[in-house]
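The values are calculated or read from the model by the stated rules, or taken from the named source; none is laboratory data. In this text the structure is predicted, and so the values were computed from the model without any measurement. Using ideal geometry, Cβ is built from the backbone for each residue, glycine included, and neighbour counts are taken over all protein chains shown.
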Amino acid sequence: MRTILTSAFTLFLLPFFVLQAQEPAPVTTTDTAVTASSTVVTDDTLWYKLEKLSGTVNQGDFVVGPGRAELELKPGQSAVFEISVANRISDNRRFELAVEDVAGTDDAGRAVVFLGDQTGPYTLKDYISFPEKTFTLDLGDRARIPVTITIPEDAEPGGYYGGVLVSTIQDDGINEGAGTARSPIIARVGTLFFITVPGEVVKSGETKSVTLTQNKYWFEKGPIDLSILYENTGSVHLNPYGEVRITNLFNEEVGFVELEPWFVLPKSLRARDVSWNREMLFGRYTATVSINRGYDDIVDTSTVTFYVLPWKIVLGTFVVIFLVLFIFRFLFRNFEFRRRS
């Protein structure tokens, strides 16, 4: 009986281990963005370029792009960068432009903090300007706003960080039950500006830790979520990037995730979350995370081990195997099988 149970257990585990030796399924990452074809409108009275969007434009929101601009400017140098504002709310929509400084934070879950009226440690708000601060768009209009960045002659080398915020007032309507008007909602969307003044700058950062989300090392199934904590201790922002490779108990690669560059502001922490999933996971796995610091081609490598045990499937399979063996044993003990002569 012990021999039969051992053989059955071996046959049950074999398919899981064979599965891990298969070629890893490819993992791809994509960036999605709102796009629409447009037609340029010629109007010399406007201080910005105007375009008409085509297709379905009544989406109840407005779109600002790009999300981030990185420029290198020398002291005394100026540059003009265009941001776009697409109105998908309603006709005769008024927008307003504002500039705020941004800074990093010790809260790893937040990329940046807008500082409002405060001046940041790497202030940029006095160096950004535009011809006017307000403009009006009809539904389906997209404005290309010229933003001028001028670095003063006496600017020190290093990073300067701010954001151009676009806001509009969206009326939330009237409370019909009470017959009173509700407060309008002020929606704000912005473009971050990262300006680097070349010279004696300090580039310094490292991967602080790689952990499993909620410090959970046992899983019933995927996805497997990792958190990568990076600290920037320098004077300019860094764009670390890297990869995650997953190997099984036999050190065979069964998963790969490419990490596109993400930004980390000076004197701040930022976490990068990674998710990996695959069907029919079983056993012990090791995730090897390699992070290029974003300067001097320095790579930090960390590993974390986790286990996947689909206990419901395992328990159900053992129950089935036990019942089959019990039935066979019962039949052999209680019935005599005779060969027909």
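I need the full set of residues from region 102-120 which are part of a loop (DSSP other than H, G, I, E, B) and either among the basic types (K, R) or surrounded by 15 or more Cβ atoms within 10 Å (Cβ to Cβ) (or both), in order please. I'd like the intermediate steps shown before the answer.
From region 102-120, those part of a loop (DSSP other than H, G, I, E, B) are 104-112, 115-120; that's our starting set.
Result: G104, T105, A108, R110, A111, V112, L115, G120.
If a residue has to be surrounded by 14 or more Cβ atoms within 10 Å (Cβ to Cβ) and either under 16 Å from Y161 (Cβ atoms) or among the hydrophobic types (A, V, I, L, M, F, W, C) (or both) to count, how many in region 71-101 make the cut?
Final tally of qualifying residues: 14.
Do any residues in region 238-251 that are basic (K, R) have Cβ atoms under 7 Å from those of residues that are at pLDDT 95 or above, where the two are at least six apart or on different chains, and which pairs are they?
Hits for this filter: R245/E253; R245/F256; R245/T288.
Which one of R188, R142 is at pLDDT 95 or above and part of a strand (DSSP E or B)? Let's see the steps before the verdict.
On the way: R188 fails: at pLDDT 95 or above.
Matching residue, one of R188, R142: R142.
Please go through region 145-171 and give me each residue that is in a strand (DSSP E or B) and more than 22 Å from L115 (Cβ to Cβ), ordered by number.
As a first pass, look at region 145-171 and keep what is in a strand (DSSP E or B): 145-150, 158-170.
P146, I169, Q170 - these are the residues of region 145-171 that are in a strand (DSSP E or B) and more than 22 Å from L115 (Cβ to Cβ).
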